[in-house]
Amino acid sequence: MKNIYLNIYKPNSRNLKKAKKIVDNNNVIGLPTETVYGLAANAYSDIAVKKIFRLKKRSPINPLIIHYKKLKDVKNDVIYNSSLEKLYKAFCPGPLTFVLKKKPESSLSKIATAGKKTAAIRFPNHRVAKKLLEIINKPLAAPSANISTRLSSTCAKDVFDEFGKKIKIILDGGKCKIGIESTIIDLTGKPSILRPGKITKEKIERILGKKIKIKKNFKKINAPGQLKLHYSPGIPVEMNKINVSKQQALIGFGKKFRIAENYFNLSKKGNLKEAANNLYKTMRKIKKRKFKSIGVIKIPNTDIGYAINDRLKKASNK
Ligand code: TXA
Ligand code: MG
């Protein structure tokens, strides 16, 4: 059989150098992180960043997350504060994104930050992302590697399914360990969570020693990804279902969930982390099998289950 995945590369040192060259030429690469795969480019270059927006069909008012190797690397771009230092110490590198005030003298592409006075920064915890950031020696703007409003990619082949050969290289870092996007916390004022994730509100409160809010009303576009249809498999999704017809798929959870051709179990053990990790992969599989719609049983709203429900709610928007 012909190998169609010719732009998926093993992340050995030769291919990392190849990826660096592509980034240095202001082109886009597929990059594994511990959360989801990113579509990464030089965060200091308008030309490079524009290519990300074009490929994703992303609205220009929706800013990108900027990825760095270490805290000291952000000093020219954003203004530090004590919450950032505490949370960095506790969780980074890891699945937590900080929104901070941008320094006026920052060289970050204004297109990447959508002309905002703030920037979202993150320190990914994946050996390939870390190595690449080290050899590239500049930050990478990287949204999730999917066409806008669709499901994020959790393995290299998903990235290929989204963009085919439109990107020169997809580094294959295996299956993402977490499988849903990072938690986003806004630290420009009173800390508030803009997008839930594996690092929960409770974990953050423990480190900061105070209560924090989860922002729900996005009247002013703070994180446009939060607005309407998002994380969509491309077919209708309905939450809190108990059963479905044969043309529909039902996503469930736990050992009591029935075994049937149209039933898909996110975690037989009833483990929420495993369920989060299987969520996008399962929805992609259901779409490929040509089911007309997806029902999802009630998922516990605790721990990372809160983030699962957040994604499902947006996927079920019309
Ligand atoms: O896990 C992740 O965060 C992945 C991996 C690749 O790092 N990235 C990711 O990026 O999920 P993206 O672009 O799909 O989602 C980023 C979200 C968007 O909803 C965007 O609106 C928000 O971050 N965002 C970016 N900059 C912001 C800012 N300055 N203020 C508020 N929200 C911001
Ligand atoms: Mg995304």
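Just so you know, all these numbers are worked out from the coordinates, no wet-lab data involved. None of the values given here were measured: they were computed from a predicted structure. Virtual Cβ from ideal backbone geometry, glycine too; neighbours counted across all protein chains shown.
Using a ≥ b ≥ c from the Cα gyration tensor of the chain (square roots of the eigenvalues), is it rounded, prolate or oblate, where a/c under 1.5 gives rounded and otherwise the larger of a/b and b/c decides, a/b for prolate?
Numbers: a/c = 1.78, a/b = 1.25, b/c = 1.43.
The shape class here is oblate.
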For residue 21, give me every one of the aspartates and glutamates with a C-alpha distance below 18 angstrom, ignoring sequence neighbours fewer than eight places off in its own chain.
46, 134, 172
Evaluated at q = 0.11, 0.17, 0.22 Å⁻¹: base-10 log I(q)/I(0), Debye formula over Cα of the range 194-318:
-0.41, -0.89, -1.29
If amide hydrogens are placed 1.01 Å from N in the peptide plane, which non-local residues have theirs closer than 5 Å to the one on residue 118?
102
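Set the Förster radius R0 to 22 Å, insert the Cβ-Cβ distance between residue 134 and residue 26 as r into 1/(1 + (r/R0)^6), and round the FRET efficiency to 0.05. Could the numbers behind the result be given before it?
On the way: r = 20 Å, r/R0 = 0.89.
The value I calculate is 0.65.
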Quick one: the Cα spread of the range 76-129 along its three principal axes, in angstroms, biggest first?
29, 28, 15
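From the mean inverse distance of alpha carbon pairs (Kirkwood) and the Cα radius of gyration, derive Rg over Rh for the range 1-141. Don't jump to the answer; show the numbers that get you there.
Numbers: Rg = 15.1 Å, Rh = 15.5 Å.
With Rg and the Kirkwood Rh in hand, the quotient comes to 0.97.
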So how far, in whole Å, is the C-alpha centre of the range 28-52 from the one of the range 279-308?
26
According to the square roots a ≥ b ≥ c of the eigenvalues of the Cα gyration tensor, what is the shape class of the range 113-159, taking rounded for a/c under 1.5, prolate for a/b larger than b/c otherwise, and oblate for the remainder?
oblate
3J(HN,Hα) from dihedral phi, the range 204-209, Karplus parametrisation 6.51/-1.76/1.60, rounded to Hz, x for glycine, proline:
5, 4, 4, 6, 7, x
In this structure, among 210/256; 165/287; 130/268, pairs with alpha-carbon gaps over 27 Å are 210/256; 130/268
Can you list the HN-Hα couplings for the range 262-278, worked out from phi with the Karplus curve (6.51, -1.76, 1.60; θ = phi - 60°), rounded to whole Hz and with x for Gly and Pro?
9, 10, 10, 9, 6, 7, 4, 6, x, 9, 5, 5, 5, 4, 4, 5, 8
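Can you sort 253, 264 so the residue with the fewest Cβ neighbours within 10 Å comes first? Let's see the in-between values first.
On the way: 253 25, 264 22.
Sorted ascending by nearby Cβ count, the order is 264, 253.
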Gain in span if fully extended, residue 110 to residue 82, counting 0.36 nm per residue against the direct Cα distance
7.5 nm
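In the range 100-197, which trypsin sites (Lys or Arg not before Pro) are in a loop and have at most 11 other Cβ atoms within 10 Å, using DSSP for the loop call? Mind dumping the intermediate values first?
Details: sites: 101, 102, 110, 116, 117, 122, 127, 130, 131, 150, 157, 165, 166, 168, 175, 177; in loops: 110, 116, 117, 168, 175, 177.
Taking the range 100-197 and a limit of 11 other Cβ atoms within 10 Å, the loop trypsin sites (Lys or Arg not before Pro) found are 117.
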Can you give me the distance in nm between label points at residue 206 and residue 240, each placed 7 Å from the Cα along the Cα-to-Cβ direction?
3.0
Rounded to whole Hz and in sequence order, give me ³J(HN,Hα) for the range 116-133 from the Karplus expression 6.51 cos²θ - 1.76 cosθ + 1.60, θ = phi - 60°, writing x for Gly and Pro.
7, 8, 10, 9, 9, 10, 8, 10, x, 10, 9, 4, 6, 4, 5, 4, 5, 4
I want the antiparallel fraction of DSSP beta bridges within the chain, as a percent rounded to 5.
45
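Could you put 153, 83 in order, starting from the residue whose Cβ has the fewest other Cβ atoms within 10 Å? Don't skip to the answer; put the middle values down first.
Values: 153 27, 83 19.
Going from sparsest to densest Cβ surroundings: 83, 153.
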Test of understanding: ordering 238, 34, 105 by Cβ neighbours within 10 Å, fewest first, what list do you get?
105, 238, 34
